[in-house]
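Q: The structure under discussion is supplied below as structure tokens; questions concerning it will follow.
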Amino acid sequence: MYPFTDLTIKFKRLRMMLPRRDFITATVLWTLLSAAFIYSTNLTAPLDNGLKDLKIRFSASYLRPQIPYDMLLVSIDNDTLVKAPYKWPWPQSYWAQLLRRINEEGQPRAIIFDVFFQTPENMTESEAKAEKEADLLIFAEAIKESKNIGLVALYEELVTKLGPQLKTVPPHPLLRKNASFYGLAWQPIDEDGRVRSFTLRDHRAEENHIAWEILDYLGHPLKHAEKIKKYKKAVALIDFSSTDALIGQLGIQDLLDDERNFEFLKDRVIVIGATAPVLHDYHQTPYGLITGPEIICNSFATLASGRFQLLNNGLWQRLLHYLIGIIIAVFMFTDFIRNNQRQAFILWLLMPVFLFVYSFLPLEHPPVVLTWAGYSLTAFAIFLFLRFLEISEVREQLLEGEFCGTIQKNFFPSEKLVDERGITCYGTCIPYKDAGGDYYDFFKLKDGRVFFILGDVTGHGLSASMITTVAKTVVLLESEREDFDLQRLLQEISLTIYNMTQKRRMMSAVAGIINPTTSKLQLISAGHLPPVLKDGDVANEIPLPSLPLGLSKKPRPFTTTEVDFPKNSKLFIYSDGIIEGVNWKNQ
């Protein structure tokens with residue numbers, strides 16, 4: 001199971017501690033949320049649209065495409081509409097006149113008409129029909145003579161009760177026959193009402209996008225064309241570099257007013273379309289409101305550069321990238337990673353940067369937002385499970401500590417010792433935690449003398465209490481000896497602590513034997529605070545400098561002394577909890 005050994009063990013423990021019903025509920029909830037992310041594009045659309053906007057601005061600012069053809073937008077602006085000899089929509093015969101003049105005087109490389117030709121409204125039906133047929137023939141002849149005209153087909157997706165339906169209206173057969181090329185121009189509108197992409201090809205329609213068709217006409221085949229044809233619906237992100245660099249724009253009226261302006265058309269790809277606000281051909285984009293002809297210019301620049309990305313948001317692609325996020329999240333909690341919770345959070349913050357770079361893979365814009373969503377949801381679920389496990393372990397440790405503290409309290413004498421010869425021993429211990437490193441004991445030896453000891457282990461908690469257990473055991477074993485000796489007792493305790501902890505723990509101790517018959521007090525110390533002997537109103541410390549227990553496996557002598565123990569006197573032995581204690585004023 002390596003490198004998942006530690007994680008597997010934790011989940012097995014979790015399953016033992018967590019009720020099966022809760023475990024199943026959490027798993028089902030995670031599965032449902034994951035399925036919702038994968039299946040529903042609306043949940044990730046805001047983040048994905050934000051990523052597209054960031055990529056579009058980044059590409060426009062730092063990855064400007066190299067376009068092999070200069071473009072120019074010849075616009076139908078407000079000035080053109082006001083000064084035109086006809087009311088909009090203009091008759092096709094007038095378009096024929098403009099077209100011939102543009103070709104003769106401007107000599108452009110190719111012309112795209114982003115105009116839908118309509119019948120004038122101020123005519124009767126019979127007049128309109130006759131006029132329309134005459135105009136159509138004139139316009140068709142002008143297109144035929146030009147040999148460089150591209151027409152736009154209408155393409156629209158309608159939402160009906162039966163589902164999405166496609167509506168396509170190609171140019172009139174006569175115009176289409178005489179045109180050099182024609183294609184659709186359609187920009188899907190995202191959930192937030194913005195245009196970020198354009199439809200290159202739809203298997204339900206016969207036409208490709210007009211930008212694709214003009215590239216073929218110019219002898220500049222589209223890159224990856226064969227692969228794109230395998231898509232049921234190929235939709236590409238628009239590179240708005242042309243808008244960011246300000247597309248060259250010239251009004252039709254400017255051409256008519258000054259013939260010198262026709263020089264700007266020479267050898268350029270011309271897009272003729274409406275920019276006047278009254279014609280309502282505006283679209284909301286990451287760069288604000290942009291006209292339809294400008295979008296065609298940007299679409300052409302996107303394809304001509306060869307560095308375009310298709311949106312691939314299919315179910316299998318979404319599932320794949322979501323699974324990648326899950327795998328990364330699980331890997332962050334494996335045996336390879338230390339401090340995994342902190343590093344998992346750092347990766348969660350940095351992952352959008354990595355995914356942004358990854359999203360620039362050639363040809364496709366992958367649904368990388370799902371990778372971040374899969375990582376976030378899975379990492380959060382694992383974090384909650386492990387946090388629950390940690391809390392359960394801490395609770396278990398607290399219970400064990402409380403139980404250990406109860407056992408440790410039983411080490412202390414349950415009642416004070418009273419000897420008929422005038423000796424009384426008593427003590428108390430208030431541990432910092434449930435279990436601590438303080439230990440004291442007193443009892444009578446076999447020969448009638450009174451033995452006492454007090455020790456203090458460095459640190460707190462269970463490890464310190466274990467050492468007091470060892471000290472208690474050694475004391476009990478040594479007290480059974482006929483030749484009980486304080487020096488040997490402390491050396492045995494010191495050697496035992498050293499073998500257990502290898503100098504990671506120490507213990508200070510003071511011990512003594514009172515002989516009630518002779519009123520003599522024998523004391524020994526191992527780095528402990530000096531005992532205090534009080535006789536009447538006079539109290540004196542008995543200094544016994546030495547090293548603590550557990551520092552070396554070699555026997556070393558501890559400082560000993562023997563003093564008189566007068567009647568009615570008192571001996572105090574204590575730990576650092578007494579001298580280091582403070583009052584409510586921190587004094």
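The values are calculated or read from the model by the stated rules, or taken from the named source; none is laboratory data. Because the structure is predicted, anything quoted here is derived from the model rather than measured. Cβ atoms come from the backbone with ideal geometry, glycine included; neighbour counts cover every protein chain shown. Heavy atoms of the whole protein, side chains included, go into the accessibility calculation; ligands, DNA and RNA do not. Shrake-Rupley method; radii C 1.70, N 1.55, O 1.52, S 1.80 Å.
Q: Over the Cα atoms of the range 475-523, what is the Rg over Rh ratio if Rh follows Kirkwood?
A: Rounded to two decimals, Rg over Rh is 1.07.
Q: Compute the distance in nm between two label points, each set 7 Å from the Cα along the Cα-to-Cβ direction, one at GLU482 and one at LEU54.
A: 8.7
Q: Mind checking the angle between helix 486-501 and the chain's longest principal axis? C-alpha axes, 0 to 90 degrees, to the nearest 10.
A: Approximately 20 degrees, to the nearest ten.
Q: Which value does Rg/Rh take for the range 206-273 over its C-alpha atoms, Rh per Kirkwood?
A: Details: Rg = 16.1 Å, Rh = 15.0 Å.
Taking Rg over the Kirkwood Rh, I get 1.07.
Q: Tell me which lysines have Cα within less than 24 Å of LYS553's Cα, excluding those fewer than 8 residues away on the same chain?
A: Within the straight-line limit of under 24 Å, LYS553 reaches these lysines: LYS472, LYS503.
Q: Still on this structure, I have one more. Among the listed pairs LYS55/LYS223; LYS444/LYS570; LYS147/LYS230; LYS55/LYS227, which are separated by more than 26 Å between their Cα atoms? Intermediate values should be presented prior to the final figure.
A: Details: LYS55/LYS223 21 Å; LYS444/LYS570 18 Å; LYS147/LYS230 31 Å; LYS55/LYS227 23 Å.
Pairs exceeding 26 Å: LYS147/LYS230.
Q: Now, a different point. With everything on Cα atoms, drop me the angle between helix 92-101 and the longest principal axis of the chain, reported from 0 to 90° to the nearest 10.
A: 80
Q: Quick check: at a probe of 1.4 Å, how many percent of the accessible area of the chain sits on carbon and sulfur atoms?
A: Working: 18340 of 32240 Å².
Reported share for carbon and sulfur atoms: 57 percent.
Q: Need one value: the accessible area of GLU263 in square angstrom, 1.4 angstrom probe, rounded to the nearest 10.
A: 140
Q: Projecting each Cα onto the charge dipole of the range 212-328 (Lys/Arg +1, Asp/Glu -1 at the beta carbon, about the Cα centre), which of GLN317, HIS224, VAL271 comes out farthest on the positive side?
A: Among GLN317, HIS224, VAL271, the one farthest towards the positive end of the dipole of the range 212-328 is GLN317.
Q: Now for a different question. Just check the chain against the gyration tensor rule for me: Cα atoms, a ≥ b ≥ c as the square roots of the eigenvalues, rounded for a/c under 1.5, and otherwise prolate or oblate depending on whether a/b exceeds b/c. Mind showing how you got there, number by number?
A: Numbers: a/c = 5.12, a/b = 4.32, b/c = 1.18.
Cα axes put the chain in the prolate bin.
Q: At a probe radius of 1.4 Å, what is the per-residue accessible area of ASP254, in Å² to the nearest 10?
A: 60
Q: For PHE385, PHE380, PHE333, PHE58, write out the residues from largest to smallest accessible area, computed with a 1.4 angstrom probe and no ligands counted. List each step's numbers first, then the result.
A: On the way: PHE385 40, PHE380 120, PHE333 5, PHE58 75 Å².
Ranked list, largest accessible area first: PHE380, PHE58, PHE385, PHE333.
Q: So for LYS55, LYS87, LYS472, LYS534, what's the accessible-area order with a 1.4 Å probe, most first? Don't jump to the answer; show the numbers that get you there.
A: Working: LYS55 5, LYS87 170, LYS472 35, LYS534 80 Å².
The residues order as LYS87, LYS534, LYS472, LYS55, largest area first.
Q: Continuing with this model, one more query. Could you sort LYS227, LYS233, LYS553 by accessible area so the largest value comes first, with the probe set to 1.4 Å? Don't skip to the answer; put the middle values down first.
A: Working: LYS227 100, LYS233 70, LYS553 135 Å².
The most accessible residue leads, giving LYS553, LYS227, LYS233.
Q: While we're here: Taking amide hydrogens as modeled 1.01 Å from N in the peptide plane, which residues meet the under 5 Å criterion relative to ASN313, leaving out close sequence neighbours?
A: none
Q: Compute the distribution of all C-alpha to C-alpha distances in the range 277-386, in bins of 5 Å from 0, and list the percent of pairs in each, rounded to whole numbers.
A: 2, 11, 15, 15, 13, 12, 10, 8, 6, 5, 3, 1, 0, 0
Q: Accessible area per residue of the chain at 1.4 Å probe, in Å²? Numbers along the way, then the final one.
A: Values: 32240 Å² over 587 residues.
Spelled out: the 1.4 Å probe surface of the chain, per residue, equals 55 Å².
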